[in-house]
1. Just name the residue that is farthest from residue 190 (Cα to Cα) out of those in the stretch 50-71 that are assigned to a strand (DSSP E or B) and free of Cβ contacts under 8 Å to residues at least 60 places away in the same chain.
2. Which residue pairs have Cβ atoms closer than 6 Å, lie 6 or more positions apart in sequence or on different chains, and pair a first residue in the stretch 25-48 that is farther than 20 Å from residue 169 by Cβ with a second residue that is among the aliphatic types (A, V, I, L, M) and open to solvent by 10 Å² or more (accessible area, probe 1.4 Å)?
3. Looking at residue 85 and the list (1) open to solvent by 20 Å² or more (accessible area, probe 1.4 Å); (2) farther than 24 Å from residue 30 by Cα, which single condition is not satisfied?
4. Would you point out the residue of the stretch 153-193, among those that are of a type in the set (S, T, N, Q) and either within 25 Å of residue 39 (Cβ to Cβ) or assigned to a helix (DSSP H, G or I) (or both), that is most open to solvent (accessible area, probe 1.4 Å)?
5. Filter the stretch 102-140 for residues that are over 25 Å from residue 43 (Cα atoms), touching an Asp or Glu at 6+ places or on another chain (Cβ under 8 Å) and not in a loop (DSSP other than H, G, I, E, B) and give the result.
6. In the stretch 122-136, what residues are open to solvent by 30 Å² or more (accessible area, probe 1.4 Å) and touching a residue at least 12 places away in the same chain (Cβ under 8 Å)?
7. Quick one: which of 105, 97 is more than 20 Å from residue 149 (Cβ to Cβ) and β-branched (Val, Ile, Thr)?
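The values are calculated or read from the model by the stated rules, or taken from the named source; none is laboratory data. Source: prediction; values computed, not measured. All Cβ positions, even for glycine, are placed from backbone atoms using ideal geometry, and neighbour counts span all protein chains on display. To get the accessible areas, we keep the full protein, side chains included, count just its heavy atoms, and leave off ligands, DNA and RNA. Shrake-Rupley method; radii C 1.70, N 1.55, O 1.52, S 1.80 Å.
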Amino acid sequence: MMTLFLLATLANNSGAQTGSHPVEGNPQSAVRVIIYENLQCVDCLVFRRMMDEKLLPKYGERVAFEHREFPLARHAWARPAAAAARYFHDVRPELGVEFRRHIMVRMKEVNPDNLSAKVAAFAREHGVDPDRARAALTDAGYASLVEKDYQEGVARGVSKTPTVLVDGEPFIERFTVEEISKALDAALQGVQP
């Protein structure tokens, strides 16, 4: 059986509505891939492209790809960007995934001084209140959700991004589509009737 993680629900007064995690693919699938990612990580962008170009087209109907926040301390804007991603997920789950793609692709253009403006621009382009989106960057509730994911990752031995868990097997930082596809195929075969 695939490694399953509990999806916590967090309701508080700060704006963060849910502790659910962004899921791509088939959210009902018994095969769950857990992705610890850092939105300011070049290797995470490589994996993002691998997902979009290879994994989701091949496995999207049969596998749930769950995102977890793992912002590394050396990346100055990764933590507030993760909070913004969680905010956009609360607005509309698909918007949270779109923000992840958007910010990763543009990571060379982003810095701590312009992150707020980049988040506001993304919000405006998607019909979301830019002031609320900017507020998410420093919202205690969203920061708590990010920290919870981070601490969960640390407890599981995660130290680099991306770390992708397929049936408990870790794929860390750099790996090929063939390597992860082999693990996905085995996991899917294990749930066949």
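1. For the stretch 50-71, the residue satisfying everything is 67.
2. Filtered contacts from the stretch 25-48: 38/72; 40/107.
3. Tallying (1) open to solvent by 20 Å² or more (accessible area, probe 1.4 Å); (2) farther than 24 Å from residue 30 by Cα, residue 85 fails exactly one: (1).
4. The selected residue is 189.
5. 120, 123, listed by residue number.
6. 126, 132, 134, 135 - these are the residues of the stretch 122-136 that are open to solvent by 30 Å² or more (accessible area, probe 1.4 Å) and touching a residue at least 12 places away in the same chain (Cβ under 8 Å).
7. Answer to the selection: 105.
Yes/no matrix, rows are residues, columns are (1) among the aromatic types (Phe, Trp, Tyr); (2) open to solvent by 30 Å² or more (accessible area, probe 1.4 Å); (3) modelled with pLDDT under 95; (4) within 23 Å of residue 130 (Cα to Cα):
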position: 5; (1), (2), (3), (4): yes, no, yes, no
position: 12; (1), (2), (3), (4): no, yes, yes, yes
position: 19; (1), (2), (3), (4): no, no, yes, yes
position: 40; (1), (2), (3), (4): no, yes, no, yes
position: 68; (1), (2), (3), (4): no, no, no, no
position: 77; (1), (2), (3), (4): yes, no, no, yes
position: 89; (1), (2), (3), (4): no, no, no, yes
